[in-house]
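The values are calculated or read from the model by the stated rules, or taken from the named source; none is laboratory data. Predicted model only: the values in this text are computed from it and were never measured. Please note: Cβ atoms are built from the backbone with ideal geometry, for glycine as well, and neighbour counts cover all protein chains shown. Just so you know, the surface numbers come from the protein's heavy atoms only, side chains and all, with ligands and any DNA or RNA stripped out. Shrake-Rupley method; radii C 1.70, N 1.55, O 1.52, S 1.80 Å.
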Amino acid sequence: MKLQQLRYIWEVAHHDLNVSATAQSLFTSQPGISKQIRLLEDELDVEIFARSGKHLTHVTQVGEVIIDMAGDILRQVNAIKQVAQEYSNEKEGSLSIATTHTQARYALPHIISGFSGEYPDVSLHMNQGSPEQIAELAASGEVDFAIATEGLNLFNDLIMMPCYRWNRAVVVPKDHPLCAVSKLSLADVAQHPIVTYVFGFTGRSKLDDAFRQENLAANVVFTATDTDVIKTYVRLGLGVGIIAQMAYEAGTDDDLVALDASHLFEPSITHIGFRKGTFLRRYMLDFIEAFAPHLDEETVNAAVACSTKTERDALFANVTLPVK
């Protein structure tokens, strides 16, 4: 059994059983991958993949167990490499992050800028996606950190730590009737068509909960995952926008008015997390602390030491989170 064979079965399983795509991603040949998989199956005397002719159709029951174990082994190998690299050169390496567009566009730029100045030899990779995609990327080890607000139930296999609270603003053109309202109510907002986030993105669940609790129907006429797209359609007059407050930029968005809506919705909390067993290099710890200053090395280590999510929640129960 070779480490290369374990990598091949793991990668094939995560490329939808497409051996050709796997070969391209690994810069090797399709016949070479197929041969090594066959050799591994012959050695183990089991089929990892079921076949129809030359095509792989699905992962067998025993194959699922073997592939999961292969993933654990590959992650441990990567951790060993990171330990060695930390001691050989603590300021070189790579850092990959999975998050939503709003975090990537509005919360992270100044953090990334400062981090790159301190660690110029660390390459950064940003992956944007839905909470489901973010959780999968982090759980599989394809990214180092997940930064998310929604769908935290998807991240049970990760060590997730709270970073900051944020709320929403209602954005409208300058001549909109809501500009004349002294203090917004949900009933005021519900009288107008709404442009906001796709469900499952950037605290959307809090928005829906607020309208439901007031027995109001939110007339959502347009949704997007990208805040800039939402603001574009507000400018076109499609409806009033409900966006993350941090996503309103006074200079860039001076043709729009941001109306405070923090009293209308429960605040959301953004979390950062990583897979259990991850070896956190010095620059990784520094990135976490730059993003959330209360998450210093001691606190992160305490979170790692918690054996259950309940213990971890208790660790942060009395922490006052910053507001963005």
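Among the residues of the range 156-215, which ones are charged (D, E, K, R), touching an Asp or Glu at 6+ places or on another chain (Cβ under 9 Å) and more than 17 Å from Gly239 (Cα to Cα)? Across the range 156-215, the qualifying residues are Lys183, Lys206, Asp209. A count restricted to the range 91-108 and to residues that are open to solvent by 30 Å² or more (accessible area, probe 1.4 Å) and either at pLDDT 95 or above or touching a Phe, Trp or Tyr at 6+ places or on another chain (Cβ under 7 Å) (or both) stands at 1. If only residues of the range 284-306 that are farther than 26 Å from Asp121 by Cβ and of a type in the set (Gly, Ala, Ser) are counted, the one that is most open to solvent (accessible area, probe 1.4 Å) is Ala305. Taking the range 35-57 as the region of interest, how many residues are surrounded by 13 or more Cβ atoms within 10 Å (Cβ to Cβ) and under 31 Å from the mean Cα position of the chain (by Cα)? Residues in the range 35-57 being surrounded by 13 or more Cβ atoms within 10 Å (Cβ to Cβ) and under 31 Å from the mean Cα position of the chain (by Cα): 3 in total. Of Gly32, Gly63, all but one fail to be within 26 Å of Ala135 (Cα to Cα) and open to solvent by less than 50 Å² (accessible area, probe 1.4 Å); the exception is Gly63.
Looking only at residues in the range 123-134 that are open to solvent by 10 Å² or more (accessible area, probe 1.4 Å) and of a type in the set (A, V, I, L, M), the one that is farthest from Ile97 (Cα to Cα) is Leu124. Note on the range 1-34: residues that are at positive phi and under 25 Å from the mean Cα position of the chain (by Cα) amount to 2. Pairs meeting the criteria (first residue in the range 259-281 and more than 23 Å from Leu108 (Cβ to Cβ) and among the hydrophobic types (A, V, I, L, M, F, W, C), second residue open to solvent by 30 Å² or more (accessible area, probe 1.4 Å) and in a loop (DSSP other than H, G, I, E, B), beta carbons under 8 Å, at least 6 apart or on different chains) are Leu259/Val181; Leu264/Ser185.
Return yes or no: is Leu178 open to solvent by less than 40 Å² (accessible area, probe 1.4 Å), out of contact with any Gly (no Cβ under 8 Å at 6 or more places or on another chain) and over 21 Å from Glu289 (Cα atoms)? Yes, satisfied.
Is it the case that Phe201 is at pLDDT below 90 and open to solvent by 20 Å² or more (accessible area, probe 1.4 Å)?
Yes, satisfied.
Quick check: anything in the range 32-44 out of contact with any strand residue (DSSP E or B) (no Cβ under 8 Å at 6 or more places or on another chain), under 30 Å from Arg281 (Cα atoms) and among the hydroxyl-bearing types (Ser, Thr, Tyr)? Checking the range 32-44: not a single residue is out of contact with any strand residue (DSSP E or B) (no Cβ under 8 Å at 6 or more places or on another chain), under 30 Å from Arg281 (Cα atoms) and among the hydroxyl-bearing types (Ser, Thr, Tyr).
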